[in-house]
Structure formats: C-alpha cells, structure tokens
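Everything below concerns the one structure shown next.
The values are calculated or read from the model by the stated rules, or taken from the named source; none is laboratory data. Keep in mind it's a predicted model, so treat the numbers as computed, not measured. Here the Cβ positions follow ideal geometry from the backbone for every residue, glycine too, while neighbour counts run over all protein chains shown.
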Amino acid sequence: MAQVQQQAMELPFYTDDGSAVIEAPRHLLAALRRSAVSTDQPKGLVLLSGPPSVYRLGLCAAVDRALAGEPVLYLAGANVFDPFLVGRLARASRVAPAHVLQQIHVSRAFTCHQMVRLVTDCLPSALRTYEARCVILAGPLDTLYDQLVPEPEATRLFRAMAEALQHMAEQGIQLLCVTTLAPSESGGRSRFVAALRAQARRAIDLCEAEDGLWLQEEGGFEPRRWMIPRPLWNRL
Amino acid sequence: MVVWLLCEDGRRLRAVDPYVPTCYLAAPTPILHHASRLLRRASCRIDTREVERYELGGLCPIPVLEISVYAPSQFSSLTQLLIRSCPDAQFFHVDVSLPQRYFYDRQLFPLIHCEADLTAEGQIQSIQALESPWDTDYGLPPLTIMELSLDSSSPNPNHGGRGALIMRINGDERLLEGDDADVIQRLNQLLVREDPDILLTDWGDSYLLPRLMTLADRLRLPLVLNRDPHRPIGARKPHSYFSYGRILSHAGARTLSGRLHLDRHNSFALAEVGLAGLIEQARVTKVDLQQMARTTTGTGITSMQLETACRDGLLIPYRKQEPESFKSALELLQTDQGGLVFAPIAGYHEQVGELDFSSMYPSIMVRFNISPETVNCRCCRDEPAARVPEIGHHTCRRCQGLVPRTLAPLLEKRVRYKKLMAAAAQTAARAVLDQRQTALKWLLVVSFGYLGYKNARFGRIEAHEAVTAYSRDILLQAKEVAERQGYRMLHAIVDSLWLVKSGAVRADYDGLAQAITEQTGLSIGVEGLYRWIGFFPSRVNPLMPVPNQFVGLFDHGGMKIRGIEIRRSDAPFLVKRAQAEVLRCLSEAGTLAELRTQIPQALEIVRTYRRYLHEGRATIEELAIAKSLTKEPQAYRHQTLSMIAAQELLARGVHLQAGDTIHYIMTDADAACPSDRVRAVAGIDGAWSYDVSAYDNLLLKAALVLLMPLDVTPALLNASTDPARRTTQGSINGESASL
Amino acid sequence: MGRTLATFTQLVQQEIDLWSRYRRALRREDQQALDVLFAAARHHASAGAYLARETPFEVMLLSMLIEQQKHVVMLQQKVIILETRMLHDSTQGVAS
Ligand SMILES: [Zn+2]
C-alpha cells in the first residue's frame, strides 16, 4: 500500500509549456514546497484560493511542515479536516502517521465571532504554547459569509482579523491562508478575498483542469505556473 | 410590560407592569464614557451603576456597567444603538426577549395561575405565582378557542384551490359566505361577540390572516383580530437566507396582542405534541405561547438555560466567541465521533427484545455533570474519576454545571408524567399526559444538539464530545452485560439495543435491564418484546443493512415501524395503504414459520392494488406525492420531478421558497418534455391521468422491502401479482387499511 | 456544529470508489465477491469508528476477515453435522 503511493508520488511535474520538467521533484510535497504553497523560506502571508480542492492542498502543506519536524497550527473555519489524508501522506513518506498527526494542532471555529477570536486572541498564545511558526488558516472567510451576521459587523470583524494576520506576518510567522472563492450570495462580502489578496505577500490561484491542478501566481517578475497531474492528485 | 389577565369572574384585563429591564456592558473607561453620553440623550429614564458580575465559568467577577431602562418598549432600540456605537465593548443580557426576561424576573410563566394587585388604572402593584412550572396536576384557564379554516381540499391554499371561510367555536360551525365585505363584517361580529382567547387556524400565517388583512384594507373596513386596540398585528414575511452554505427559510407569521394566534400548519410543536404539549413547553421554558408555537424546540431549551443563568446572577454574553481549544489531529480523530450504531443482522428474527435508555444524552449530561463550564475545568484535572472514557477530557467533580442544573428537573418531571400515565384510568387523561411528556421529551432531545450548536449560548464542542464519548462507552457496557447473560445483539442505535436469546421471557429482559442500569448508572427499560422483527437492507445495495429500517410485531399485538414507506411523508397514500394492508396480513403470524404461510395472502393484496391502479381508478388524494423543496426553486439545476412541479406553480404566479412542501402527481414520468412528466395537485382541474407504471413501480418496491427477506424475489413478486391474471375477487377496503 | 471528519461508512464508500477500476476489470462473479467483502467492512463500521484509526483500510481488511472466519466456522459445523449423520446412517445401515 505504502509502496504504491510512494511510486505515485514520483510522477514528474511539468511546466505549462508541457516540455520542460521543472527540476523533477521527488514527490508532491516537494512540489508544494517548490511552489511556495508550503515553504520554509520566506515568511509572511501566502494566499491560496480556488475551488474546494484548495483545502486538500492546504492540508498537504501542513503535513509537509509537520514531516519536517515543525509543529503546525491548523485553524479550521470551513469545518474541513481530513486526518486520513494526513495518514496516507505520512505513510508515503515512511513516517508513523500518529507522529505526524500529533504535530498538527487543530482548532475549529463555527461562527465568525469564534473565527476572529481564534485569530486575534487564541492564535498568538497557541504559537507560544506549541512553539510553532507555521499556521494554516483553512476557510477563514467562510463563517463571515453568514447572512445572520449583518454586513457592517462582518466587515468590522474581517478588519480585526486581517489586522492580526498582518501583525503576525510581520513577526515572521508563516501564514498560509486557504480559501475558496466567495459564494454568489455574499454581496459586499465578496470583497474580503480581494482584501486578503492585496495584503498577502504571495497570492496563488488554483484552477482545476482535465489534465490536473494548475497553480498560478501573478506578480513578481513574471507570472508563474505549476501543475499537479490529475493521476497523482486522484490518488492522494 | 403589558400583561393580559383572565380574572376569576371571566373578565379579560389588560394590565401594565412597570417592569425595568437591565443590561450590562464591559469596556475600557473611554468607551464607557461614550456609552454614558449616548444614554443621557435617551428620551426615557435610564439609571446606570457600576457593579461586579460573574461570567459562566469565570473564576473572578468582572466590573460591568449595569444599565436599567425604565421604558421596556425602548430597551431593544437603545441596546441596538449601543451595540452599533461601541463595537469594541462586550455586551450582556441585551438580546434575551423581554417577555422571557419578565417571566424569569417575576418568576411567572405563560398561562400561570397567579394573584395580582392592580390599581384602578390597571397598573400592577404586585404579581405572585400560585403554582410552580414543575407541577404536574395543573389545570388550564377556561380559554375560548375559535377555529378558522378554508372549505377546500387543496393541500396548501397558497398553491391554489381556495374555498370559503369556515369558523368553528364550541362545536358550532359556520360557513362565512357572500362578498368580501360581508365576510369581513361577519367575522368582525363573531370576534366581538365570542371574544376568543385563541384563534386556531389552518394556514393563518401564510394565507388566511394576510388575505383577510389585505381585503379589509382594500375595503377600508376594520378587522378586529387583535384584542388590544393599541397595538398593530405582528407581521413577519416569509423569508429565507443563506447561512453556512445552506438556505434556511421561515414561513411568515401573524401574531396578535391580547389574543393568541396559532397556525396548525406553521407549528412544529402543535403538530408533534398538540395544544396540551405546547402549553407544557411554554410553562417550563417561559417562552410566550405564540412564539413557542412557531420557533424551534431549541429556543425553548435555550430559554431554560438563560433562566438558570439569570437566577444565578450570571452574565449572558451577547455573542458567543469562545472557539474550540487546540487539540492535536490525533485527538480530533478520537473525539470527533457520534454515538455508536451497529448495523442490524438483516432479515426476520423471532423472540426479540428491545431495550432503550431513557433520555440517554440528557441523563449523561446530568449524571456526569457535562456543561460548557465543567468540561476540562481547572480544579479536577488530575482526578481519575473525572475522566471521560476514551478521550482526553474530564468534567468537574465539585460544582454542578449550568446545563445539568437546567436539565435535572426536566428529566425528573418527565419521569413523574410517565408514572402518572401508567396509573391513569381514563384514556383522555392519559392522552393529555402523553402529550405533555412528549413535549418534555422534545426539549430533552434538542438539549444535546444545543451543547454543540454553533450559535448556542451555552454550547461548547468539548462538552458535546464528552457526551458522545460517554454514550459509546455506556452502549458497549450494555452490550457486554447482555452478552455475558447469553444474549445476542441484533442491532443497536446509540441508546437502543435489539437482543435475542432463545427462551427468554419478559422477566429475563426486565432482569437484564436491571443489571445494565446497575452497571452503568443510567436507567434502561424494556421497550417491548417482539414476536418477530424484520430488519431491511438498503434499497440501493441489498448487501448493506441500514440502521433504523425495520418492522416488528410486539407481543401485545402492536407494531413498531421505522424507515419504510408508511413512515415516509413523500410516499403516495395508495402505496402507504397497500403496505399497511400487507403488514396487517403479516401481523397475523406469530412466528417465522407462520410468517411464510402468510405470503400468498400478502401477494393477493399487492395484486388487488395493482389491478386498482391499472384500471385507472386511483384518485388524486391517493396518488399525490409530497416533497419539501430543499433549495430555492430557481436554484435547482436538475429537472427532478418535484422541481418540474414547482416550476408549474411558479408559472401560475404562486410564491415558493425553500422549505415549502409541494404536492404533485406523476403523469408520465419518462416523457421527453419535462412539463408532461408531472402535474402539481393544486393546479389540477378538469381532465387528468396518471402514470400507471411509475406508481406500479412504487407499489412493488413497497411490497418487496417486506417480502424480500422471505425469499420473494422481484421477478417472483411481479409475476405472482400480475394484475392482468384473473383470480378470486379482492377489494380495497380503505377503512381496514388505516393503521 | 456538525461532524468534521468522514464517518467510517463514508470511508468505506471512498475506498470502494478508489477500487472501482479494479472492480470493473474483474469477472462478474469476482465483482460479487468483492462487493460482499466491502459489505462486511461496512457491517462492522461501528467497531471501525470506535477504533478511530488514521489508516482505515487495514481496519476494513480485518472486518472482511472476521466475516470470512465466521463463514469458515459455519461451514465446518455443517461438515461436522453431515459427517455425523453419514456415520450414523452407515452404522445404522450395518445394524439393520
Ligand atoms: Zn472541577
């Protein structure tokens, strides 16, 4: 079982012109690191947005850091977390799954008030408690789309959260913000994603295509693209 | 606060209680100053003072500003203003409905028997309860009930097919006919003459009252629905909104002052527990009757917790903000589980006993002291007895939590009702007691959900996890005790077990229940002994047995039926009736061997129904399929049958929203043109026909689920119930088929 | 607040989906055998859920083995009964 997955991980990654193989990473996690979705190098806020598969990718990034021996804080705002994916990735890397699972610390928020409280108050102290430098925010905006919360209040809460994230980014904390696009009913709240994007040091968009998942980053010297082939992704 | 009193001499009095609601605010001094400045501009008297109060689970009190508002009618707008102007302050006690606050503070409840001192102007000097919400032998005030409905067979007048207005009072029934002005004037006369306390309607919220109000408005006639002439009729439009990826919808509401309007078609409580149950819920929860009828049961249990908090002087936070504590992904894997469900051993079994833990989740909360502030308390971290099984949490051994304090009397009251029920001699009295105990059961059922509900005032995910962890351990203990005594477990769902042991009789099962109760400390009882019970597999995959899908014949002759067509709202009446008749036929068998001998007779019933269908004799009522819209009708992407029917209604100008139930008939389910496939029931007038083979299919499926475990294959069923084949004459008897 | 993690029954379904190409290339009779195995995994979903392992497939394999083992024992018992009956019949035959 582990053998099969290990092989799957060794598929090469292609650039968008289809010809050149970018440095043939050993497996997906390495690819993620290369695409700076998960990175131990530059600090700050990285935004990864796209269809719901971004959550799986975000979790891969968390596993990657945990495999490297780092404690990771995972803030679940969209009620998604898949420990079985963690288990498979750990096995593929020949590490005891329980060991990796213990390195990832999860807290779930079910309302925007909880989410904002989590980011502004609980996160700074948790970073100290677990001596962590790496945070995955999975769906930080989802709870803010709740129409039971009036838009002005949601906007105020969003600002408080964005401010806290900015502060932590400046402190050298690695923040990977994983979010889907705003639902069509969200009205003025659809601006939140754009605001996070403006604030992020890097913004990566995920697109799903027949052949695989394309990661695309605007800005910098030139736009960059990476691909995760479909056969590999489907086996994750 | 306006209070309506029904005096001993029969007068209905409008009294005013000079009630002063309070709220609290915690903030740094500059914000407090800002708030005080705002309050000075208010048009009513407002007192403020600095006090200290505890939060739930707080170790030391926090300083807060207490704000007393001398005009209850301005309380809501004032607090809203404060919340908008001081977004960084913490507010307490601001969003609890004022009637509820009034009931808590004065220790009263809806329809209470009380004693009041009034001034000549009708101001309340003092008001005192003469009974407790925990009394079980209370009487009701002599309320006058007027019923209003439409003379129509339409499943929903909003979807078409309206009739004349019918009024019923004291067993007297009148049809209000004539032109619109006549109807309004006749109704006004009746309302003035009879002066009802309760207006009980069918479709009053969404159709009847709005329609009457529009008519009266257009004709410039008064409409004296309200007893209190100073107040307008409370109106809420039907609406739906987007919340956490789901569309939630609310039917509209029309609420009255000085009189209660209850709509039988817009009340979960009325439908489930009747008027006696609704009143029971209002008494213990202190939620106003008109609200209790229309709200979720969760509002009731929340209100009870709020009262406990108020009584204990605790602050009620405006927004719950505490997220889950961080736990490792490995811990999450262990804790994020529900109750245990053991897949049943499919097929029919003999001599089975069912044991149920009574109110398992709330009992666990009370017995193991599970509450938001008691889970993972600081004081009992190292006590082995405080440990929750299997997961890392513990609960407090020193202080009883808010949730157990709230639930304990409720559990206890339900037990008393059940005892009274067992002892009740008259059927009518027993029925009322049953409605009341069921009303309490619903409150207890939702109490668990509210421990983990995202917007619950006193919810916390760790408390929710602790309850399910205990439930898993307790169910396994029960299984172990039963297996030690030689029983085999056929099926188990969270708090119920189906067990079998050859030769075991009632006394053996009672003994087993006793042993389990002693072992677990939670009360379990014998729900019943089945002569036989059949557990049915999934329709999609016959290899997979499905929990909670069974039919059992109790030793006293009654049947327990779960998950099959009879219990499903979307099955056509004809299919339900056919299934009921097959079941009645099977119920004549006392053993598995006898069950098999009933097969020919069961097949004959199926054939009779099929023939009835094929001869084109089925009626609209027998064929109508009811489906609830899970999305806004405009949002459906696939052409499902219910969506086609919804489109038809929309095209006729009917307003539909998610949550509405629509009724339709399959006319030609495979037709190329979607609009030919179904017809909405409300739109049928004149000629219509139905899709014989589509209904035939439903009929066969409903029979097959029962007969397949007796080795009747689909092919065998189809061949042996062929409606074309001539046999002895069978007939459908509607009366004998009703269960 | 709703469960966050997939239930064991959902995990079995995911596993079935993962093996769908494998299943497609099996003969009809072998497909039926495979379906029975996965049904066995789902039949013991309560035990799988209670264990809460991060690698659920091995739990499913063990559930399949349990059903196999029960089947073996059942067949053994049938054989014993048949053997006893045959022995009985043959000795009776001699006696008469
Ligand atoms: Zn304690």
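Here are the numbers for this structure:
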{"read-out": "Residues within the stretch B:187-211 that are touching a residue at least 12 places away in the same chain (Cβ under 8 Å) and more than 29 Å from the chain's Cα centre (by Cα), tallied", "value": "7"}
{"read-out": "Residue ID - nearest to residue B:303 (Cα to Cα), chosen from residues in the stretch B:75-124 that are without any contact (Cβ under 8 Å) to a residue 40 or more places away in the chain and either in contact with a Ser or Thr (Cβ under 7 Å, 6 or more places away or on another chain) or of a type in the set (Ser, Thr, Tyr) (or both)", "value": "B:76"}
{"read-out": "Those residues of the stretch A:133-151 which are within 16 Å of the chain's Cα centre (by Cα) and either surrounded by 22 or more Cβ atoms within 10 Å (Cβ to Cβ) or at the interface with chain B (Cβ under 10 Å from one of its Cβ atoms) (or both), in sequence order", "value": "A:134, A:135, A:136, A:137, A:138, A:139, A:140, A:141, A:142"}
{"read-out": "Boolean, residue B:440 is within 14 Å of another protein chain (Cβ to nearest Cβ) and either among the hydroxyl-bearing types (Ser, Thr, Tyr) or more than 16 Å from the ligand (Cβ to nearest atom) (or both)", "value": "no"}
{"read-out": "Test result for residue C:15, within 14 Å of the chain's Cα centre (by Cα) and within 30 Å of residue A:95 (Cα to Cα)", "value": "no"}
{"read-out": "Any strands (runs of 3 or more DSSP E) falling wholly within the stretch B:518-567 and containing at least 2 residues that are within 14 Å of chain C (Cβ to nearest Cβ)", "value": "B:524-537, B:545-554"}
{"read-out": "Index of the failed condition, residue B:448 passing every other in (1) in contact with a Leu (Cβ under 8 Å, 6 or more places away or on another chain); (2) in a helix (DSSP H, G or I)", "value": "(1)"}
{"read-out": "Selection within the stretch A:75-92 - away from chain C (no Cβ under 11 Å) and touching a His at 6+ places or on another chain (Cβ under 8 Å)", "value": "A:92"}
{"read-out": "Of residues in the stretch B:539-567 being of a type outside the set (A, V, I, L, M) and farther than 26 Å from residue B:360 by Cβ, the one nearest to the chain's Cα centre (by Cα)", "value": "B:565"}
{"read-out": "Some residue of the stretch C:58-67 being within 14 Å of chain A (Cβ to nearest Cβ), within 30 Å of residue A:114 (Cβ to Cβ) and of a type in the set (Asp, Glu)", "value": "no"}
{"read-out": "Residues of the stretch C:7-53 classified as under 26 Å from residue B:327 (Cβ atoms) and more than 10 Å from chain B (Cβ to nearest Cβ), total", "value": "4"}
{"read-out": "Residues being surrounded by 11 or more Cβ atoms within 10 Å (Cβ to Cβ) and not in a strand (DSSP E or B) - total across the stretch B:46-76", "value": "11"}
{"read-out": "Residue match in the stretch C:67-74 (condition: within 19 Å of the chain's Cα centre (by Cα), assigned to a loop (DSSP other than H, G, I, E, B) and surrounded by 10 or more Cβ atoms within 10 Å (Cβ to Cβ))", "value": "no"}
{"read-out": "Yes/no for residue B:112 being among the aliphatic types (A, V, I, L, M) and either over 30 Å from residue B:16 (Cβ atoms) or within 25 Å of the chain's Cα centre (by Cα) (or both)", "value": "yes"}
{"read-out": "Out of B:355, B:410, sole residue that is assigned to a helix (DSSP H, G or I), away from the ligand (no atom under 16 Å from the Cβ) and either of a type in the set (Ser, Thr, Tyr) or modelled with pLDDT of 95 or more (or both)", "value": "B:410"}
{"read-out": "Pairs with Cβ under 7 Å, 6+ apart, first in the stretch B:387-403 and polar (S, T, N, Q), second more than 12 Å from the ligand (Cβ to nearest atom) and assigned to a helix (DSSP H, G or I)", "value": "B:395/B:466"}
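Per-residue answers, yes or no, for (1) within 12 Å of chain A (Cβ to nearest Cβ); (2) among the small types (Gly, Ala, Ser); (3) not in a loop (DSSP other than H, G, I, E, B):
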{"site": "B:265", "(1), (2), (3)": "no, no, yes"}
{"site": "B:280", "(1), (2), (3)": "no, no, yes"}
{"site": "B:303", "(1), (2), (3)": "no, yes, yes"}
{"site": "B:307", "(1), (2), (3)": "no, no, yes"}
{"site": "B:322", "(1), (2), (3)": "yes, no, no"}
{"site": "B:338", "(1), (2), (3)": "no, yes, no"}
{"site": "B:344", "(1), (2), (3)": "no, no, no"}
{"site": "B:349", "(1), (2), (3)": "no, no, yes"}
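Each row is one residue, and each column tells you yes or no for (1) away from chain C (no Cβ under 14 Å); (2) more than 16 Å from the ligand (Cβ to nearest atom); (3) modelled with pLDDT under 95; (4) not in a helix (DSSP H, G or I).
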residue: B:364; (1), (2), (3), (4): yes, yes, no, no
residue: B:382; (1), (2), (3), (4): yes, no, yes, yes
residue: B:392; (1), (2), (3), (4): no, no, yes, yes
residue: B:404; (1), (2), (3), (4): yes, no, no, no
residue: B:416; (1), (2), (3), (4): yes, yes, no, no
residue: B:420; (1), (2), (3), (4): yes, yes, no, no
